[in-house]
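Asker: Can you keep this structure in mind? I'll have questions shortly.
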Amino acid sequence: MMRTQECGGLRASDAGREVTLAGWIHHRRDHGKIIFIDLRDASGTVQVVVHPDVAPEVASVAETVQREFCVSIRGTVAKRKEGTENPNLPTGEIEVAASWVEVLAPSETPPFAVEDDVEVDDATRLKYRYIDLRRPEMQHALRLRAKVVREIRAFLDARAFTEIETPILFKSTPEGARDFLVPSRLQRGRFYALPQSPQMLKQILMVGGMERYYQIARCFRDEDLRADRQLEHTQLDLEMSFVEQEDILQLLETLFIHLWRECLGIDVEQPFPRLSYAEAIRRFGTDHVDLRYGMELADLNEVFAGTTLGIFTSVMASGGVIRGFAVPGAGELNHAQLKKLEHSAMDRGAKGLAWVIVREGGEVESPLAKHLSPGEREGLASATDAKPGDLVLMMADAPDVVNPILGALRMELAKERGLIPEGSWKFCWIIDYPFFVWNAEEDRWDPIHHPFTMPVGGGDALEGDPASVRASAYDLVLNGLELLSGSIRIHRPDVQRKVFDALGISPEDADERFGFFLEAFRYGPPPHGGIGCGIDRVMMQMLGTDNIRDVVAFPKTQSGIDPLSGAPTPVDAEQLKILGLRPLPS
Ligand code: ASP
């Protein structure tokens with residue numbers, strides 16, 4: 001037997017037992033008369049002792065082992081001498097007196113120590129990912145991720161869902177990102193697209209009578225990478241027939257309550273609050289609502305109705321808004337820090353950022369101070385709920401400019417200034433989305449979700465002003481991060497046609513892009529709806545990290561490179577020729 005038990009599980013009650021362990025050398029300390037080895041396996045570490053005068057042949061091997069050697073050790077568990085226990089280690093009451101040590105495989109000096117708080121740059125960490133994965137934090141992240149997926153499966157399997165795989169080599173799917181293309185060898189000059197999501201296929205599964213489908217699906221989107229986005233991500237993809245929005249919201253809410261309880265031992269507040277999209281924008285400037293703290297945005301047009309400030313009057317005259325929010329305690333910020341805030345707003349597209357520090361007795365400090373009447377000072381403080389010592393930040397511009405920028409500043413400042421309570425989990429549904437968003441660059445309406453989403457009120461709702469049509473779409477947000485989105489789908493070809501018309505997709509265009517899909521809908525499709533939920537994001541939240549690379553075993557860098565393998569790599573001319581491809585001169 002290569003080992004009789006795991007290192008991390010040994011306790012005082014095991015004293016006297018003969019054990020065989022296997023793992024990695026975490027540390028070795030050679031004190032001449034005694035050698036200490038911390039032996040680590042996936043379960044934890046245990047202290048091993050070797051006495052050269054008692055077991056010289058064991059010591060001769062033990063003296064040679066270095067960090068990260070893979071070894072096997074046999075010995076007897078013994079209670080540590082009083083005063084030498086380590087209360088910080090689960091195995092800290094015992095040690096293993098070694099009677100035999102064997103090197104299973106030596107290790108070169110690792111590029112960094114297997115410690116959670118070791119200082120090492122991301123590129124090195126990813127290049128030597130196998131060393132990085134030995135760290136307890138990464139081990140925990142990947143094991144928790146596996147548990148989450150296991151719990152999702154158990155939960156859905158118990159509710160008559162069927163897990164179904166859909167192809168990776170497929171056709172372009174309409175999630176709005178750029179496709180990854182795969183050239184076909186057998187059909188020269190043709191390409192598969194990797195799915196941005198299994199959207200059309202899961203809807204076809206509903207036409208196929210599967211009724212309740214899910215999949216832990218890999219989705220590919222050729223977009224710029226960000227801290228929370230990789231080129232490929234894993235999604236819980238789910239679809240149900242004969243349901244309304246309420247059924248889906250209930251199911252998912254129960255699932256998330258279950259996951260937090262089973263995987264984190266936390267009972268989250270329920271029911272999850274529901275906010276309409278309009279309310280989310282009004283109060284938080286974004287639909288990525290973070291309900292863990294206040295600092296809500298306030299409308300200030302009324303406060304400044306009689307202002308003499310030219311910038312405010314001209315913005316209001318052109319239909320714009322003045323909005324702002326208070327940052328508790330931020331009245332202490334100095335000029336340079338306030339300038340930095342202004343730059344951060346301007347980097348996001350603001351023309352400027354006004355600041356007012358509220359002081360005792362109705363006094364204010366601000367570049368605008370001399371333009372603010374006592375009534376405006378009071379109105380500003382009461383609208384934003386600012387107390388003496390708080391900082392009020394304001395912008396005046398079109399709502400589409402003001403809201404997202406103030407929303408982002410709100411979240412950034414709450415984080416920077418430590419205003420977010422620890423251990424708080426605020427789930428929130430965003431419902432009542434508008435159906436269309438205006439794409440000013442392309443001069444057209446785009447769907448806010450995807451073109452298969454049902455308009456509230458069906459096809460007739462599309463007759464009026466596009467801006468007032470609402471979508472049967474919903475998002476689940478946790479602590480300011482979107483975890484899932486979904487919708488009730490269009491199941492009637494006549495409604496789908498109207499939506500395509502409204503989006504400027506001609507029948508020929510629709511046929512070319514989604515002909516196979518639309519054809520399926522000629523054969524009695526059931527009403528249906530579903531969601532796509534980002535598993536990586538769920539894990540980021542559970543593990544409290546902002547970096548998606550902390551929750552993926554083999555992630556890519558910001559520039560899309562896999563430092564482990566060096567991918568993407570050039571291919572040889574012969575491979576390209578077989579595919580009928582010729583590279584352009586670079
Ligand atoms: N396909 C959508 C997405 O990936 C989710 C859905 O509507 O089910 O965002």
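Asker: Please report the orientation-averaged projected area of the stretch 25-154, defined via the convex hull of its C-alpha atoms, in nm².
Answerer: So the Cα hull casts an average projection of 10.2 nm².
Asker: Taking each pair of distinct Cα atoms in the stretch 195-325 once, what is the resulting Kirkwood hydrodynamic radius in Å?
Answerer: Computed over Cα pairs of the stretch 195-325, the Kirkwood hydrodynamic radius comes out at 19.3 Å.
Asker: Extending each Cα 7 Å along its Cβ direction at residue 1 and residue 543, get the distance between those two points in nm, one decimal.
Answerer: 3.3
Asker: Another question, if that's okay. How much area per residue is accessible in the stretch 285-384 when the probe is 1.4 Å and only protein heavy atoms are counted (Å²)?
Answerer: 49
Asker: Here is a further query. Distance from the Cα centre of the stretch 401-467 to that of the stretch 266-298, in angstrom?
Answerer: Between the Cα centres of the stretch 401-467 and the stretch 266-298 lies a distance of 12 Å.
Asker: Next up: Which number do you get for Rg(Cα) / (2.2 N^0.38 Å) in the chain? Don't jump to the answer; show the numbers that get you there.
Answerer: Numbers: Rg = 29.9 Å, N = 586, 2.2 N^0.38 = 24.8 Å.
With N residues counted in the chain, Rg over 2.2 N^0.38 Å equals 1.21.
Asker: Identify all lysines with a Cα-Cα distance to residue 415 below 23 Å; exclude those on the same chain that are fewer than 8 residues away in sequence.
Answerer: Excluding near neighbours in sequence, the set is 339, 340, 387, 426.
Asker: Something else now. State whether the stretch 1-88 is rounded, prolate or oblate according to the following rule on the C-alpha gyration tensor (a ≥ b ≥ c being the square roots of its eigenvalues): a/c under 1.5 gives rounded; otherwise a/b larger than b/c gives prolate, and the remaining case gives oblate.
Answerer: It is rounded, given that a/c, with a ≥ b ≥ c, falls under 1.5.
Asker: Still on this structure, I have one more. Residues with amide H under 5 Å of residue 445's amide H, sequence separation 5 or more or different chain, H placed in the peptide plane at 1.01 Å from N; which?
Answerer: Result for residue 445 returns 439.
Asker: While we're here: Which trypsin sites (Lys or Arg not before Pro) in the stretch 144-224 sit in a loop by DSSP (not H, G, I, E or B) and have at most 14 other Cβ atoms within 10 Å of their own Cβ? Don't jump to the answer; show the numbers that get you there.
Answerer: Values: sites: 145, 147, 150, 153, 159, 171, 178, 185, 188, 190, 202, 212, 218, 221; in loops: 159, 171, 178, 185, 188, 190, 221.
Those that pass, being in a loop and sparsely packed, are 159, 178, 185, 188, 190.
Asker: Run the simple label-point estimate for residue 169 and residue 318 please: 7 Å along Cα→C-beta, distance reported in nm.
Answerer: 5.4
Asker: By how many degrees, between 0 and 90 and to the nearest 10, does the Cα long axis of helix 136-157 differ from the longest principal axis of the chain?
Answerer: 60
Asker: Rounded, prolate or oblate: which one fits the stretch 137-265, using the alpha carbon gyration tensor with axes a ≥ b ≥ c (rounded when a/c is under 1.5, else prolate when a/b beats b/c, else oblate)?
Answerer: oblate
Asker: Using 0.36 nm per residue of separation minus the Cα-Cα distance, give me the extension gain between residue 506 and residue 347 in nm, one decimal. Walk me through the intermediate numbers first.
Answerer: Numbers: separation 159, 0.36 × 159 = 57.24 nm, distance 3.83 nm.
Between residue 506 and residue 347, full extension yields an extra 53.4 nm.
Asker: How many Å³ per residue does the convex hull of the Cα positions in the stretch 324-418 occupy?
Answerer: So the per-residue Cα hull volume is 94 Å³.
Asker: Hand me the chymotrypsin sites (Phe, Trp or Tyr not before Pro) from the stretch 219-280 located in a DSSP loop with no more than 12 other Cβ atoms within 10 Å, in residue order please.
Answerer: Numbers: sites: 220, 242, 256, 260, 277; in loops: 242.
For chymotrypsin sites (Phe, Trp or Tyr not before Pro) across the stretch 219-280 that sit outside H, G, I, E and B with at most 12 neighbouring Cβ atoms in 10 Å, the list reads 242.
Asker: Kindly state, to the nearest 0.05, the FRET efficiency for residue 365 paired with residue 227, given R0 = 35 Å and r defined as their beta-carbon distance. Display every interim value, and only then the final one.
Answerer: Numbers: r = 35 Å, r/R0 = 1.00.
Computed FRET efficiency for residue 365 and residue 227: 0.50.
Asker: Determine, from the Cβ-Cβ distance of residue 82 and residue 104 and an R0 of 25 Å, the FRET efficiency 1/(1 + (r/R0)^6), rounded to the nearest 0.05. Don't jump to the answer; show the numbers that get you there.
Answerer: Working: r = 34 Å, r/R0 = 1.37.
For R0 = 25 Å, the calculated efficiency reads 0.15.
Asker: Taking the Cα atoms only, what angle lies between the long axis of helix 374-384 and the longest principal axis of the chain, rounded to 10 degrees?
Answerer: Helix 374-384 sits roughly 50 degrees off the main axis of the chain.
Asker: Give the dimensionless ratio obtained when the Cα radius of gyration of the stretch 261-355 is divided by 2.2 N^0.38 Å.
Answerer: Cα-based Rg divided by the globular estimate yields 1.42.
Asker: With axes computed from alpha carbons, what is the tilt in degrees of helix 335-347 against the longest principal axis of the chain, rounded to the nearest 10 within 0 to 90?
Answerer: Compared with the principal axis, the helix lies near 70 degrees.
Asker: Separate question: Taking θ as phi - 60°, what are the ³J(HN,Hα) couplings along the stretch 486-495 by the Karplus curve (6.51, -1.76, 1.60), each to the nearest whole Hz, with x for Gly and Pro?
Answerer: So the J values, rounded to whole Hz, are x, 6, 7, 9, 6, 10, 10, x, 5, 5.
Asker: Apply the Karplus curve 6.51 cos²θ - 1.76 cosθ + 1.60, θ = phi - 60°, to the phi angles in the stretch 544-554 and return the couplings in whole Hz, x for Gly and Pro.
Answerer: So the Karplus estimates, Gly and Pro as x, are x, 10, 8, 10, 4, 5, 6, 10, 10, 5, 10 Hz.
Asker: Run the quick spin-label model on residue 440 and residue 53: label points 7 Å from Cα toward the beta carbon, then report their separation in nm to one decimal.
Answerer: Taking the two extended label points, one gets 8.4 nm.
Asker: What relative contact order, as a whole-number percentage, does the chain give when Cα pairs under 8 Å and 6 or more residues apart are counted? All intermediate terms of the calculation are to be shown ahead of the outcome.
Answerer: On the way: 1101 pairs, mean separation 77.0, N = 586.
Normalised by residue count, the contact order of the chain is 13 percent.
Asker: Report, by chain and number, residues whose modeled amide H sits under 5 Å from the one on residue 392, excluding near sequence neighbours (fewer than 5 apart, same chain).
Answerer: 327, 356, 357, 358
Asker: As an exercise, identify the trypsin sites (Lys or Arg not before Pro) in the stretch 468-553 lying in DSSP coil whose Cβ has no more than 12 other Cβ atoms within 10 Å.
Answerer: Sparse-neighbourhood loop trypsin sites (Lys or Arg not before Pro): 522.
Asker: Which percent of the accessible area of the chain is formed by carbon and sulfur heavy atoms (probe 1.4 angstrom)?
Answerer: Ligands and nucleic acids excluded, carbon and sulfur give 51 percent.
Asker: Along the Cα-to-C-beta direction of residue 420, a point sits 7 Å from the Cα; which residues of the stretch 287-302 have their amide N less than 14 Å from that point?
Answerer: So the set is 288-294.
The values are calculated or read from the model by the stated rules, or taken from the named source; none is laboratory data. Just so it is clear, the structure is predicted and the values come from calculations on it, not from any experiment. Using ideal geometry, Cβ is built from the backbone for each residue, glycine included, and neighbour counts are taken over all protein chains shown. Heads up: the accessible areas ignore ligands, DNA and RNA and are worked out on the full protein's heavy atoms, side chains in. Shrake-Rupley method; radii C 1.70, N 1.55, O 1.52, S 1.80 Å.
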